[in-house]
1. Mean residue ellipticity at 222 nm from the helices of the chain, using -39,500 (n - 2.57) per DSSP H segment of n ≥ 4 over the full residue count, to the nearest 500 deg cm²/dmol?
2. Summarise the long-distance tail of P(r) for segment 128-216 by giving the % of C-alpha pairs beyond 24 Å.
3. Taking the Cα centre of the chain as origin and charging only Cβ (+1 Lys, Arg; -1 Asp, Glu), how large is the dipole, in debye to the nearest 20?
4. Would you mind computing, in nm to one decimal, how far apart the modelled labels at Lys198 and Asn90 are, each placed 7 Å from Cα along Cα→Cβ?
5. At a 1.4 Å probe, what is the % contribution of carbon and sulfur to the accessible area of the chain?
6. With bins 5 Å wide starting at 0, give me the P(r) of the chain over every alpha carbon pair, in whole percents.
7. When the convex hull of the C-alpha atoms of segment 75-129 is computed, what volume per residue in Å³ does it have?
8. Given H placed 1.01 Å from N in the peptide plane, which residues other than close sequence neighbours of Met173 have an amide H under 5 Å from its amide H?
Amino acid sequence: MADQKVFNYPGKDVDVHWDSRLCIHIGECGYSEGDLFVGGRDPWCVPDVTNSTEVMEVCERCPTGALTYTDKSGESEKAATNNTIQVTYNGPLYIQGELDIEGAEDLPGTRFRAALCRCGASKNKPFCDNSHLTEKFEDYAAVGPKGPGLSSSSGPLSIKAIKDGPLILNGNMTIVSGSGRAAWQGEKVGLCRCGASKNKPFCDGTHMSIGFTSDD
């Protein structure tokens with residue numbers, strides 16, 4: 001049990017899956033109405049206390065992809081209409097859309113939702129593990145540039161973490177500032193993940209001068 005990473009909660013119409021490798025305990029599940037998720041209860045999740053539509057909707061609130069589901073009628077999660085990168089206040093990047101994250105093939109939840117580290121300290125790179133809290137990472141998530149613009153807002157969004165360097169994203173995307181403003185739009189961008197760029201959330205090459213390593 002100690003080595004178990006993915007936990008399954010079966011239901012009559014829909015099964016829920018929780019991937020502990022991705023969870024950073026945001027609480028969208030626990031704060032949802034009703035008794036679908038109840039802390040301290042065994043089992044924590046009971047899909048049959050509500051209808052399958054509600055189960056799916058609550059799972060899709062999870063910004064990290066830690067919660068997924070299998071609907072036995074064949075319904076499956078769809079990518080968000082727009083590919084978005086939400087820059088959070090003193091925290092990670094929340095990315096939604098039709099995602100293709102290099103190296104995450106065994107993490108099915110990251111096909112549509114992911115929380116990526118931008119403080120440089122995560123032990124689960126490129127994913128956030130809440131290290132920004134202990135590192136006291138500070139960035140208020142303002143975004144200055146507007147970007148070149150978009151001809152479309154959806155489609156595949158590929159994400160590659162460059163060794164000892166930034167995240168490189170290719171595809172239609174909108175970067176949303178911490179205030180909720182759709183700030184930058186374009187089709188290719190390099191985003192800081194060392195935590196030290198002077199132009200956050202964008203990479204400015206600082207990772208090279210500070211000796212950032214992505215192997216820890």
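1. On the way: 3 runs with 17 residues, N = 216.
The helix-only estimate for the chain comes to -1500 deg cm²/dmol at 222 nm.
2. 21
3. On the way: 21 positive and 29 negative charges, 185 e Å.
Rounded to the nearest 20 debye, it is 900 debye.
4. So the label points at Lys198 and Asn90 sit 2.4 nm apart.
5. Working: 5440 of 10970 Å².
The C+S portion of the solvent-accessible surface of the chain is 50 percent.
6. Distribution as computed: 1, 7, 15, 19, 19, 15, 11, 8, 4, 1, 0, 0 percent.
7. Details: hull volume 4.7 nm³, N = 55.
Looking at segment 75-129, the number lands at 86 Å³ per residue.
8. Placed amide hydrogens put Gly186 under 5 Å from Met173.
The values are calculated or read from the model by the stated rules, or taken from the named source; none is laboratory data. The structure displayed is predicted, hence computed values, not measured ones. So basically every Cβ, Gly included, is an ideal-geometry build from the backbone, and we count neighbours across all protein chains shown. Accessible surface is based on the protein model in full, side chains and every heavy atom, while ligands, DNA and RNA are left aside. Shrake-Rupley method; radii C 1.70, N 1.55, O 1.52, S 1.80 Å.
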